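Structure first, then comments.
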Amino acid sequence: MTRTGSPLGRRVLFGVLGVVVLAAVWELYKALGPATGVVLGDLTVLPRTSDLAMPHVWDMVARLFRPVRSSGDDEMMWQAVLQASFFSLGVAAVGWLVGVVVGMLLAIVMQRFRTAESALLPWIVLSQTVPLIAIAPLVKRWGSQIEIGSFSWENWMSVALIASYLAFFPVSIGALRGLESPDVNHVELMRTYSVGWWATLIRLRLPASVPYLLPALRLAAANAVIGTVVAEVSIGLRGGIGRMIVEYAAAAGGDPAKPWAPIFGAVVVGLLAAGVVALIGLALTRYRRGETPA
Amino acid sequence: MSTAPSAQGQPIASTGPAAVSVAGVSKVFASRKGADVTALEAVDLTIAPGEFVSLIGPSGCGKSTLLRLIADLDSPTSGSIEVFGKTARQARIDQAYGIAFQQAGLLPWRTVRSNIELPLELHRVGKPARAARSSELLALVGLSDFADKYPDQLSGGMQQRVAIARSLAESPGLLLMDEPFGALDEMTRERMQTELVRICAETGAAVVFVTHSIPEAVFLSNRVVVMSPRPGRIRDVIAVDLGRAEGRGEGLREADSFFEAVVAVRESLHGEPAGAPAARGVDQR
Amino acid sequence: MKQTASLPRTILAPVLLGVLAVALWQLAVVVLEIKPFVLPSPVSIATEFSSSVSSVWTASLVTGANALIGLLIGAIVGIIAAIIATVLPITDELSAPLVAAASVIPIVALAPVFYTMFGADKETARQLVAALAVFIPVYLNTLRGLRQARPVHRDLMRAYGASAWQATRAVTLPGAVPFLFIGLRIASSLAVISALIGEYFGGPIGGLGKSITSAAASSNYSLAYAYVLGAILLGLVFYVVTLGVEKLVSPHRASASAP
């Protein structure tokens, strides 16, 4: 999904520039906008400009370098946010991995058996159109019932489960597309070599699926992060960035910049997840070459 | 009808079973709507070891279908096909042939060398043996300097050379080629034909070569099988004796014997001209 | 590629699978004596749904309205932004990294601060979250569509001496429509999902999300799942309507499949 053309340095520069522009727009509106916000009838179309509703950008940043609780010698806000971010990133990663594995297994089964594809694919496509994440509040219940020997289900596993659920759908569709993408010439070539389905899968279909798989992996990563954040909120998972967002939002009355810190953390989580997938894409560059003659 | 009696031509070498033996083969494609398509009807053909045979004819005459049946990529509706005395299926399992398609069909994520080694890898040949064989083949097709390049860095002609090298990887006694030069420009095409003739002479493999081009068929072959469509059948088999393979160089394309053979094939393709003597299947000098 | 599957297989197989899955679910709940607070049986959910249809309906209207407003705003802004980006490529280059970043971060995380900014008793925050979530796929896909006019068509317009506007009308815009609808299909589901999830982060009650959490909190799990069913139906409705609009606008074109 990376665009060719602008070199990396230029893109980073524009990214930073974009953030600066956003901050400038924020401050400009805050300075020039009406104190009660733009209200059309009963609807607040543009927000109130008070420091409570819209803290200054520099206040948001400065807040990161003060202790979590205004009084006392707590850890710094940025430390707490970073900790929670990495916690959530870890949970999302587990969910993503599980989702990718399940998605690929499904795709392989669907490619192998036409009937499986006919039976499963409509449901998979359908599930992408409906908000299955609505069941997030209810998943916690299932986990509490599972105790196999000394293994007991922990809350973070429920979060990872929801994340994996959101992740495996794009992967199964992208992987199926990719597995079915090889030229009929290539498939017949494998047939002339008298190799079975498994060798064809490993040598031909899997490598050929990489260009389709990578965008799906990226989407799955983004979905896993969303699933993690939402599930953390619904389940109230301690240590996660989702719970921190809601908790700090409740404290916004006395500390208006506080809710923004975990939001920056959530942004970091999303960017890091996408970054990891981009690295995977780099490692697999060999498989993204086309066959058209020079 | 099948081949005219005197038109079998001289096999080049008669050692061992025939490379390909097609007996009474028909292929009918069932169609959901409308009539079934008879791609091949009552085809008989025998190809001796080391012989180069071209299949030529208009679209729909079944030449590619016949090649695919020999390759066991499809099965005949009736009749039998034997490759080196085995069934087509067994021949495929035993890897008795190599194949090249019109699109080079190189795997884009493998280097040139790795593409040539593909069949060897699949059949569990050890790394040193693979490397030795692929170096040999790269030299044979003149691409030793490109061993570590990727297909998208090569021209169409070079990709096709890699495909031919790949088809020779396991030193098969039979090569099946389906218009391998079809996507190339004329100059490259003629160069490739000269190369191919040289390579086949060196390896001694029998070749079944499907083509649309009359000069190509004549230049390359010992015999040209002319086919006609609807239903696909062999109209004629024309023996082409233009000398031994090693002697077929660039100059041959301008020799009288070459043109005479081309005329014979063309006339067969278009049906007999009125009043022409029945010069079917006679050796052209 | 593959031959088309026979009709009974394409219809029967998924339907059979669905029926089988529901039957197994019912069986499992009964045989394994799964408590209703863990997982209610499909039968009890269906019963609860039919007896609370009116409340599910009202809640669906609230969430649906938020999703619709978010969809409309996000789509319109997305289309306009894509047009601007095509006409002024510099804006595209400037905004590309930001948009790429926005497509991977959880936008719903902004919900709580939006509630503070726009009022915790208003639906605006949820609509804004939905609008942002909708903007990204619509913008990206429309941009792609506007950019991909085939060179042969552009040359044709030039050979006819067509003005820039004529060329846009004849070639660029119609060519972009299928891509716009790819984006809209994704966006319609995202709008519902975002509006729903936004309710989990706070704000006024009355929507499906709030109803699910409150039903779960009072241990009425069958009711909670009935609301979930309502959410699923809402998502389906949005998707089907979007498909319908697409068929209406371009009936001659087969729907392009998503990238």
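Please enumerate the residues belonging to region C:28-41 that are surrounded by 12 or more Cβ atoms within 10 Å (Cβ to Cβ) and either assigned to a helix (DSSP H, G or I) or aliphatic (A, V, I, L, M) (or both).
Across region C:28-41, the qualifying residues are C:ALA28, C:VAL29, C:ILE34, C:VAL38, C:LEU39.
Before we move on, is C:ALA131 in contact with a helix residue (DSSP H, G or I) (Cβ under 7 Å, 6 or more places away or on another chain), in contact (Cβ under 8 Å) with a residue 40 or more places away in the chain, within 13 Å of chain A (Cβ to nearest Cβ) and surrounded by 24 or more Cβ atoms within 10 Å (Cβ to Cβ)?
Values: in contact with a helix residue (DSSP H, G or I) (Cβ under 7 Å, 6 or more places away or on another chain): yes; in contact (Cβ under 8 Å) with a residue 40 or more places away in the chain: yes; within 13 Å of chain A (Cβ to nearest Cβ): yes; surrounded by 24 or more Cβ atoms within 10 Å (Cβ to Cβ): yes.
For C:ALA131, the condition - in contact with a helix residue (DSSP H, G or I) (Cβ under 7 Å, 6 or more places away or on another chain), in contact (Cβ under 8 Å) with a residue 40 or more places away in the chain, within 13 Å of chain A (Cβ to nearest Cβ) and surrounded by 24 or more Cβ atoms within 10 Å (Cβ to Cβ) - is met.
Looking at region A:108-135, I want the residues that are more than 8 Å from chain C (Cβ to nearest Cβ) and buried (at least 21 other Cβ atoms within 10 Å of the Cβ) and have a partner that is assigned to a helix (DSSP H, G or I) and hydroxyl-bearing (Ser, Thr, Tyr) with Cβ atoms under 8 Å, at least 6 apart or on another chain. Which pairs are those?
A:MET110/A:SER172
With the requirement that a residue be within 10 Å of another protein chain (Cβ to nearest Cβ), part of a helix (DSSP H, G or I) and in contact (Cβ under 8 Å) with a residue 60 or more places away in the chain, what does region A:245-272 give you?
Those that are within 10 Å of another protein chain (Cβ to nearest Cβ), part of a helix (DSSP H, G or I) and in contact (Cβ under 8 Å) with a residue 60 or more places away in the chain: A:ALA252, A:GLY253, A:TRP260, A:PRO262, A:PHE264, A:GLY265, A:ALA266, A:VAL268, A:VAL269, A:LEU272.
Just one of the numbered conditions (1) on the phi < 0 side of the Ramachandran plot; (2) surrounded by fewer than 20 Cβ atoms within 10 Å (Cβ to Cβ); (3) more than 8 Å from chain A (Cβ to nearest Cβ) is not true of B:ARG110; which one?
(2)
I'd like the full set of residues that are of a type in the set (Gly, Ala, Ser), in contact with a helix residue (DSSP H, G or I) (Cβ under 6 Å, 6 or more places away or on another chain), within 14 Å of chain C (Cβ to nearest Cβ) and closer than 29 Å to A:MET110 by Cα, limited to region A:189-243.
A:ALA216, A:ALA220, A:ALA221, A:ALA224, A:GLY227
Return a yes/no flag: does region C:183-190 have any residue that is closer than 18 Å to C:VAL249 by Cβ, polar (S, T, N, Q) and surrounded by 16 or more Cβ atoms within 10 Å (Cβ to Cβ). Before the answer, list the steps.
Narrowing region C:183-190 to residues closer than 18 Å to C:VAL249 by Cβ: C:183-188.
Next cut, polar (S, T, N, Q) only: C:188.
Applying the additional criterion that residues be surrounded by 16 or more Cβ atoms within 10 Å (Cβ to Cβ) yields C:188.
Yes, region C:183-190 has at least one match.
Give the residue, chosen from B:GLU82, B:GLU121, that is touching a helix residue (DSSP H, G or I) at 6+ places or on another chain (Cβ under 8 Å), in contact (Cβ under 8 Å) with a residue 12 or more places away in the chain and either more than 8 Å from every other protein chain (Cβ to nearest Cβ) or not in a loop (DSSP other than H, G, I, E, B) (or both).
On the way: B:GLU121 fails: in contact (Cβ under 8 Å) with a residue 12 or more places away in the chain.
One residue alone meets the criteria, B:GLU82.
Inspect region B:178-190 for any residue being under 23 Å from the mean Cα position of the chain (by Cα), within 18 Å of B:TRP109 (Cα to Cα) and of a type in the set (Gly, Ala, Ser) and give the result as yes or no.
In the first step, residues of region B:178-190 are kept if they are under 23 Å from the mean Cα position of the chain (by Cα); the result is B:178-190.
Retained after the next criterion (residues that are within 18 Å of B:TRP109 (Cα to Cα)): none.
Within region B:178-190 (the criterion being under 23 Å from the mean Cα position of the chain (by Cα), within 18 Å of B:TRP109 (Cα to Cα) and of a type in the set (Gly, Ala, Ser)), the answer is no, since none of the residues qualifies.
Just checking, does region C:141-162 include any residue being of a type in the set (Val, Ile, Thr), part of a helix (DSSP H, G or I), touching a helix residue (DSSP H, G or I) at 6+ places or on another chain (Cβ under 7 Å) and buried (at least 18 other Cβ atoms within 10 Å of the Cβ)? It would help to see each step written out before you state the result.
Within region C:141-162, the first condition is being of a type in the set (Val, Ile, Thr), and the residues that meet it are C:142, C:152.
Narrowing further to those that are part of a helix (DSSP H, G or I): C:142, C:152.
Filter once more, keeping what is touching a helix residue (DSSP H, G or I) at 6+ places or on another chain (Cβ under 7 Å): C:142.
Now restrict to residues that are buried (at least 18 other Cβ atoms within 10 Å of the Cβ): C:142.
Yes: region C:141-162 contains one or more residues that are of a type in the set (Val, Ile, Thr), part of a helix (DSSP H, G or I), touching a helix residue (DSSP H, G or I) at 6+ places or on another chain (Cβ under 7 Å) and buried (at least 18 other Cβ atoms within 10 Å of the Cβ).
Taking the conditions exactly as written (more than 25 Å from B:SER64 (Cα to Cα), more than 8 Å from chain A (Cβ to nearest Cβ) and surrounded by 20 or more Cβ atoms within 10 Å (Cβ to Cβ)), does B:ARG161 satisfy them or not? Steps first, please.
Values: more than 25 Å from B:SER64 (Cα to Cα): no; more than 8 Å from chain A (Cβ to nearest Cβ): yes; surrounded by 20 or more Cβ atoms within 10 Å (Cβ to Cβ): yes.
No.
Determine whether B:ARG68 is of a type in the set (Lys, Arg), assigned to a helix (DSSP H, G or I) and more than 19 Å from B:PRO229 (Cα to Cα).
Numbers: of a type in the set (Lys, Arg): yes; assigned to a helix (DSSP H, G or I): yes; more than 19 Å from B:PRO229 (Cα to Cα): no.
No, not satisfied.
Exactly one of (1) under 30 Å from A:LEU217 (Cβ atoms); (2) crowded, with 19+ Cβ neighbours inside 10 Å is unmet by C:LEU98. Its number?
The one condition C:LEU98 does not meet is (2).
Condition check ((1) at pLDDT below 90; (2) assigned to a helix (DSSP H, G or I); (3) in contact with an Asp or Glu (Cβ under 8 Å, 6 or more places away or on another chain); (4) under 27 Å from C:GLY198 (Cβ atoms)) across all residues:
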{"position": "A:GLY90", "(1), (2), (3), (4)": "no, yes, no, yes"}
{"position": "A:VAL94", "(1), (2), (3), (4)": "no, yes, no, yes"}
{"position": "A:VAL101", "(1), (2), (3), (4)": "no, yes, no, no"}
{"position": "A:ALA107", "(1), (2), (3), (4)": "no, yes, no, no"}
{"position": "A:ILE124", "(1), (2), (3), (4)": "yes, yes, no, yes"}
{"position": "A:ALA136", "(1), (2), (3), (4)": "yes, yes, no, yes"}
{"position": "A:TRP142", "(1), (2), (3), (4)": "yes, yes, no, yes"}
{"position": "A:TRP156", "(1), (2), (3), (4)": "yes, yes, no, yes"}
{"position": "A:SER164", "(1), (2), (3), (4)": "no, yes, no, yes"}
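Report yes if C:PRO178 is more than 11 Å from every other protein chain (Cβ to nearest Cβ), in contact (Cβ under 8 Å) with a residue 12 or more places away in the chain and part of a loop (DSSP other than H, G, I, E, B), otherwise no. So that I can check it myself, show each step before the final result.
Working: more than 11 Å from every other protein chain (Cβ to nearest Cβ): yes; in contact (Cβ under 8 Å) with a residue 12 or more places away in the chain: yes; part of a loop (DSSP other than H, G, I, E, B): no.
No: the conditions fail for C:PRO178.
Where in region B:197-257 are there strands (runs of 3 or more DSSP E), lying fully within it, with 2 or more residues that are farther than 21 Å from B:LEU184 by Cβ?
On the way: elements: B:206-211, B:223-228, B:233-239.
Where strands (runs of 3 or more DSSP E) fall fully within region B:197-257 and carry at least 2 residues being farther than 21 Å from B:LEU184 by Cβ, they are B:223-228, B:233-239.
Spot the failing condition for C:VAL87; the list is (1) buried (at least 17 other Cβ atoms within 10 Å of the Cβ); (2) more than 13 Å from every other protein chain (Cβ to nearest Cβ); (3) β-branched (Val, Ile, Thr), and only one is missed.
It fails just one condition, (1).
The values are calculated or read from the model by the stated rules, or taken from the named source; none is laboratory data. Everything numeric here is computed off the predicted structure, so don't read it as measured data. All Cβ positions, even for glycine, are placed from backbone atoms using ideal geometry, and neighbour counts span all protein chains on display.
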